[in-house]
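What follows is a single structure, written as structure tokens, with notes after it.
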Amino acid sequence: MRKKGVPNRFTRASGIKAVDPEIQHLETSLTDLPSHITIQILLRLPLKSILKCKCVCRSLKSLISNPEFTHLHFKEAKPGVMIRSNDSRTLHLLDQLNMFEDGVDKEKVQFCGCFRIFINHICRNPWKLDPKFKLPFRESNYSVVNSCNGLICLCDPLNNNPLAVSNPVTGEFIRLPDSHRIHYESHGTLIYVGFGFQPKTNEYKVVRILKESPRRSTFLWYSKDLVVQVHTVGTSTWKNVVVDPKLFIRYLTFPTCVNGVLHWIVSHDWRGLILCFNFESESFEYLPTPPGVFKNNGITDIERISMAELKGFLYICDSSSKDIPVVVWIMKEYGIGESWTKIFSVDTRGEHCWPLGGLYWPVKHFEKVDAILMFHSDNYFIYYEPKRSFSKSLMVRGRPMVRRTGSTFDVFPYIPSLISLKDVVKEDNVEVLNVYSR
């Protein structure tokens, strides 16, 4: 008879450590701890580890899926950056950004500064794209509109019609209803879209602006030629919104939600403005712009101005100037034009790792060291600390850097969220699907 605690031939051969039945009951797991302690432990884990814990047992899955935990996790979640190749349904979350929170040591931490084509084979310090998440549709002909509170809106890139709202972390998504009241033609018709959150009602909204008559007034976009619709995520209908007849809409870019208001950069009379849609009043208005920005800009110049929401603040990055190529502004008090504050300005002509021309987009602000991370349309990142005039370019593993006008990536700021889309459903006929259950 085999002695207690001595592994048998099967466990020895397989490499599995045998456990004595008499001492097995002494082992404890995370679920044996009081729930409030378990929650605090889980909140301190990286997102990838939390998702692994969710697969360990039913009790942990139930705890992590509990709305109390998901809302606590979202409050503590650190903003990251999500990346998607335009021909892929895979999203990559850069959650390694905490390495920059205390600044970059020039001597100890070195990032890629080489400008070479197909550098993924020779770069010594690239970023690894991890963790990975799947988008809902198997076909790849869709693009990301924008992100808000861990949710993203997807649209058809051919006509910009919104298709679904998804939570990449949980894999859940809701297909958006089509409107039978609007009959638009795909050829020559533009649809502008934005996605945001109304905090007073705790509702997520999708706004789409359609040109009702493609062959009429093709150059001027006044409200008489437009149909504006609002959809509350979790319902099955679109609502038409009455538009001010003096409203002018053309070339809307960078949909950004801040303070319960959806913003776009819009071209008007050959200069740029910030157009806003207030979810509470369901009306359009214009937001004050930073000093000197959007003044006498042509379309080409406006295409080099970007907008983003970082930690609840509105950011503008202007790379259209010939004198100071890159300037970043922040609106410190929402709606107050005088609160626009210049974070930094840099002459890229004197910096070897800053490309000349193209579009810069701020994707993360490190407040502790007053540094910023920006994505450039040539498909790489720039990390910059203004006080030290220190900057580094950051490459992505396995992706070539090729000079071109437009980026081959969908890149956007992203806050990881475990909150279920089932919490926003308002009607019984709205179905929450999951990409991982098919």
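The values are calculated or read from the model by the stated rules, or taken from the named source; none is laboratory data. Everything quoted here is computed from the prediction, not taken from an experiment. Glycine also receives a Cβ, built like all others from the backbone with ideal geometry; neighbour counts cover every protein chain displayed. For the accessible areas, the whole protein counts, side chains as well, though only heavy atoms, and no ligand, DNA or RNA atoms are used. Shrake-Rupley method; radii C 1.70, N 1.55, O 1.52, S 1.80 Å.
Among the residues making up the stretch 259-280, a single one is part of a strand (DSSP E or B), open to solvent by 10 Å² or more (accessible area, probe 1.4 Å) and within 26 Å of Asn202 (Cβ to Cβ): Asn278.
Kindly state which helices (runs of 4 or more DSSP H) lie completely within the stretch 1-82 and contain at least 1 residues that are among the aliphatic types (A, V, I, L, M) and at pLDDT below 50.
Working: elements: 9-14, 21-24, 35-43, 47-53, 58-65, 67-76.
Fully inside the stretch 1-82 and qualifying: 9-14, 21-24.
Glu285: of a type in the set (Asp, Glu) and either surrounded by fewer than 16 Cβ atoms within 10 Å (Cβ to Cβ) or closer than 21 Å to Gly357 by Cβ (or both), yes or no?
On the way: of a type in the set (Asp, Glu): yes; either surrounded by fewer than 16 Cβ atoms within 10 Å (Cβ to Cβ) or closer than 21 Å to Gly357 by Cβ (or both): yes.
Considered against the rule, which asks whether it is of a type in the set (Asp, Glu) and either surrounded by fewer than 16 Cβ atoms within 10 Å (Cβ to Cβ) or closer than 21 Å to Gly357 by Cβ (or both), Glu285 comes out as yes.
Given the criterion in contact with a Ser or Thr (Cβ under 9 Å, 6 or more places away or on another chain) and closer than 16 Å to Leu210 by Cβ, identify the matching residue among Thr232, Thr237. Talk me through it step by step, then tell me what you get.
Working: Thr232 fails: closer than 16 Å to Leu210 by Cβ.
Within the list Thr232, Thr237, the selection yields Thr237.
Here is a check on your reading of the model: is Phe111 touching a Leu at 6+ places or on another chain (Cβ under 8 Å) and either surrounded by fewer than 16 Cβ atoms within 10 Å (Cβ to Cβ) or at pLDDT below 90 (or both)? In short, yes.
Say we look at the stretch 307-323 and pick out the residues that are of a type in the set (D, E, K, R) and either in contact (Cβ under 8 Å) with a residue 40 or more places away in the chain or closer than 14 Å to Thr341 by Cβ (or both); which of these is most open to solvent (accessible area, probe 1.4 Å)?
Quick first cut of the stretch 307-323, residues of a type in the set (D, E, K, R) only: 309, 311, 318, 322-323.
Next cut, either in contact (Cβ under 8 Å) with a residue 40 or more places away in the chain or closer than 14 Å to Thr341 by Cβ (or both) only: 309, 311, 318.
Details: Glu309: 56, Lys311: 105, Asp318: 16 Å².
Per the criteria, the residue is Lys311.
Sub-6 Å Cβ pairs linking a first residue in the stretch 151-170 that is hydroxyl-bearing (Ser, Thr, Tyr) to a second residue that is buried (at least 22 other Cβ atoms within 10 Å of the Cβ) and assigned to a strand (DSSP E or B), at least 6 apart or interchain, are Ser166/Ile152; Ser166/Phe173, ordered by first then second residue.
Please return the ranges of strands (runs of 3 or more DSSP E) entirely within the stretch 357-432 where 2 or more residues are over 24 Å from Gly171 (Cβ atoms) and modelled with pLDDT under 80. Walk me through it before giving the result.
Values: elements: 360-366, 371-376, 380-385, 390-394, 409-414.
In the stretch 357-432, 390-394 are the strands (runs of 3 or more DSSP E) which contain 2 or more residues that are over 24 Å from Gly171 (Cβ atoms) and modelled with pLDDT under 80.
A count restricted to the stretch 225-249 and to residues that are surrounded by 16 or more Cβ atoms within 10 Å (Cβ to Cβ) and in a loop (DSSP other than H, G, I, E, B) stands at 5.
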